[in-house]
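Just so it is clear, none of the values below were taken in a lab; they were calculated from the coordinates. Fair warning: this is a prediction, and the values are worked out from it, not measured in the lab. Here Cβ is always computed from backbone atoms with ideal geometry, including for glycine, and neighbour counts include all displayed protein chains.
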Amino acid sequence: MGSVKKNKLLREIPSVDEVLRSPDIKKVSKEYNRSMILRAVQLILEDKRKTILLMDESMTENLQKLQPVNAEDIRQKIIHMKEPSFKRVINATGIIIHTNIGRAPLSDDAVQAVTDAARYYSNLEFDISTGKRGQRYSHVKGLLQDITGAESGIVVNNNAAAVLLCLSTFAKGYEVIISRGEMIEIGDSFRIPEIMEQSGAKLVEVGSTNRTHLEDYKNAITKNTKMILKVHTSNYRIVGFTSEVELAELNKLAKKNNLPLLLDMGSGNFIKAEELGLKDEPTVQDEVLSGADIITFSGDKLLGGPQAGIIVGKNKFLDLLAKNPLNRALRIDKLTLAALEATLKAYALSEENAADIPVIKMLKLSEPELKNRAEVLAQAINDRGSSDKAEIVKDSSQVGGGAYPLNDIPTYAVAVDTAPLAVNAFENMLRKLTPPVIARIKNDRVLFDMRTLLDDEIEILPNLICSIIKKNS
Ligand SMILES: *Cc1c(COP(=O)(O)O)cnc(C)c1O
């Protein structure tokens, strides 16, 4: 049931030709080529149509006449057309490994490596010394051996793929034993068990959600068992009356029954968690020493590299993984490989080099440094805006990415009083800026956590924030 008024407005929409003939539009024809202008006009007219169709009765009554399309509309539309959908955002949330906004930003060295790999041909699978075919993994294998102490290492597209490849290689059509307390969901409603089942392996759950004993594993072993799997429950913790079986104990049981032991670490770290201000948990090196046969972890969680699934472990198992045809489907791409090699090299070189990896740098920021950054930002906002809008507050950051869920990391943030705007409206406007700013809302204030802001972002933030304050004061 279209209203009379609505139909009248729809008929007022000019044709593309009419718009293109108008004198005002001729002004932009020197700035852009004809096909761009044509496309922009088509989109603008489509927008107008959609807007009218979505209006309710009272709105159509209030709208007397349709605004004509002018040169500025076309300029804005073309700017919008050129802008990528996938773009940089500023992370002021204080969540370091924020899954929705790209997890780990890369180090300068990693970015340079990606640029070179993208722009030029490379020795991706080419042995320069012999002129023959080489191996994709050769570029990171030695680094993984050096850093973790494992016999071998390979890499795939992501950690979920790494686990899938392991299960498919060793337990397709057979049973894998896993503790019920480790059947975790990894965000976006993907459940690890569901991904695992895609391998064709049958998961045999043992124990209860909070307690699993060695006996539970022992009793579940049958002639169909091909593997024991331990998952690091990195995105949640059951606190209180809990019990899990130590990796070393599980390793003994696996060896006795001639079964490989797979450990999915999730967020694998090479640096001791204590040194990063986190509650101590084993490093990848520790777990290699504990005797896990195969260990998998993400490239872009605490490691601070690109999205990748890293697998380290014993030669006899990793050789079989490399040969599985599924490995070809899950293989790492060359840009990722370039970023991963640069990231691993930083760890292999020295502690100072590793400290240049943004995730590590953010974790290592001290309270005085954070406070100092907050003072600089608050001062800059107050200097530009009407004063006293910004204030320094003590708060806590999070690791994110499902890692260290109980670990609040002390931080400093700048809290901005958004009046006369509502906090939600202000936060919404922050997301519409170029670049969009993703902030945190707490106690009816918008917070900018200093831990996840990069140095150059602290310089541009005051103008971005004040553009909203000024427009609405
Ligand atoms: C994050 C996580 C995964 C998935 O890793 P991706 O790199 O996101 O594929 C698998 N297992 C555990 C325990 C995790 O924490």
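Listed values for segment 11-21 are Karplus-derived 3J(HN,Hα) couplings in whole Hz (6.51 cos²θ - 1.76 cosθ + 1.60, θ = phi - 60°), namely 5, 6, 4, x, 7, 4, 4, 4, 4, 5, 7, and x replaces Gly and Pro.
Rounded if a/c is under 1.5, else prolate if a/b is larger than b/c, else oblate: which is segment 425-473, with a ≥ b ≥ c the root eigenvalues of its Cα gyration tensor? Because a/c hits 1.5 or more and a/b fails to exceed b/c, segment 425-473 counts as oblate.
Legend: calculated FRET efficiency, ARG328 to LYS442, from the Cβ-Cβ distance at R0 = 41 Å, rounded to 0.05, equals 0.30. Remark: segment 258-272, residue by residue, has Karplus-estimated 3J(HN,Hα) of 6, 10, x, 10, 9, 10, 9, 7, x, 8, x, 10, 9, 9, 3 Hz, where x stands for each Gly or Pro and the curve is 6.51 cos²θ - 1.76 cosθ + 1.60 at θ = phi - 60°. The label point for ASP286 and the one for LYS364, both projected 7 Å from the Cα toward the Cβ, are 2.0 nm apart.
Cα convex hull, segment 108-356: 132 Å³ per residue, rounded to a whole number. By the count of neighbouring beta-carbon atoms within 10 Å, fewest first, TYR32, TYR120, TYR412, TYR137 end up ordered TYR120, TYR32, TYR137, TYR412. First measure r as the distance between the Cβ atoms of GLU12 and GLU72, then evaluate 1/(1 + (r/R0)^6) with R0 = 22 Å and state the FRET efficiency to the nearest 0.05. In this case the efficiency is close to 0.65. Can you spot the aspartates and glutamates whose alpha carbon is less than 12 Å from LYS334's alpha carbon? Ignore those fewer than 8 places along the same chain. Result set, ordered by chain and number: ASP116, GLU125. Local charge for ASN157 was computed over the other residues whose Cβ lies under 13 Å away, with Lys and Arg +1 and Asp and Glu -1, and equals +2.
Fully extending the segment from ALA248 to ARG431 would add 61.1 nm, taking 0.36 nm per residue of separation and subtracting the current Cα-Cα distance.
Please work out the FRET efficiency for the pair VAL376 and LYS256, using the Cβ-Cβ distance as r and a Förster radius of 41 Å; give the result to the nearest 0.05. According to the calculation, E is roughly 0.10. Placing dummy labels 7 Å off each Cα toward the beta-carbon, the span from GLU194 to ILE460 is 3.7 nm.
Between LYS65 and GLU275, the contour length at 0.36 nm per residue exceeds the alpha carbon distance by 69.0 nm.
The angle between the Cα long axis of helix 159-171 and the longest principal axis of the Cα atoms of the chain comes to about 40 degrees, rounded to the nearest 10.
Relative to the dominant Cα principal axis of the chain, helix 367-384 is inclined by about 10°. Within the same chain, lysines fewer than 8 places from LYS65 are excluded, and of the rest, those with a Cα less than 21 Å from its Cα are LYS5, LYS6, LYS8, LYS48, LYS50. Neighbour counts of other Cβ atoms within 10 Å put ARG331, ARG88 in the fewest-to-most order ARG88, ARG331.
Decide, for the chain, between rounded, prolate and oblate: order the square roots of the alpha carbon gyration tensor eigenvalues as a ≥ b ≥ c, take rounded if a/c falls under 1.5, and otherwise choose prolate if a/b is larger than b/c, else oblate. Note, shape of the chain comes out prolate. Listed peptides 353-362, 108-117 appear in the order 353-362, 108-117 once ranked by packing, highest mean of other Cβ atoms within 10 Å at the front. Report summary: the helix-based calculation at 222 nm, which adds -39500 (n - 2.57) for every DSSP H run with n ≥ 4 and divides by the residues of the chain, gives -13000 deg cm²/dmol. The 3J(HN,Hα) values that the Karplus relation (6.51, -1.76, 1.60; θ = phi - 60°) gives for segment 61-75 are, in residue order, 5, 6, 7, 7, 9, 6, 5, x, 7, 10, 4, 5, 4, 5, 4 Hz. Gly and Pro appear as x.
If the chain linking HIS213 and ASP127 were pulled fully straight, counting 0.36 nm for each residue of separation and taking away their Cα-Cα distance, it would gain 26.1 nm. Taken about its Cα centre, the chain carries a charge dipole of about 1880 debye when Lys and Arg each add +1 at the Cβ and Asp and Glu each add -1 at the Cβ. Other residues with beta-carbon under 14 Å from the beta-carbon of LYS471 carry, at +1 per Lys or Arg and -1 per Asp or Glu, a net charge of +4. Taken as Cα centroids, segment 269-326 and segment 34-68 sit 55 Å apart, rounded to the nearest whole angstrom.
Helix 334-349 and the longest principal axis of the Cα set of the chain meet at an angle near 60°. Neighbour counts of C-beta atoms inside 10 Å place LYS314, LYS394 in the sequence LYS394, LYS314, starting with the fewest.
A cut-off under 13 angstrom between Cβ atoms defines the neighbours of SER107, and their net charge, with Lys, Arg +1 and Asp, Glu -1, is -4. Of all beta bridges that DSSP places with both ends in the chain, some 60 percent have antiparallel geometry.
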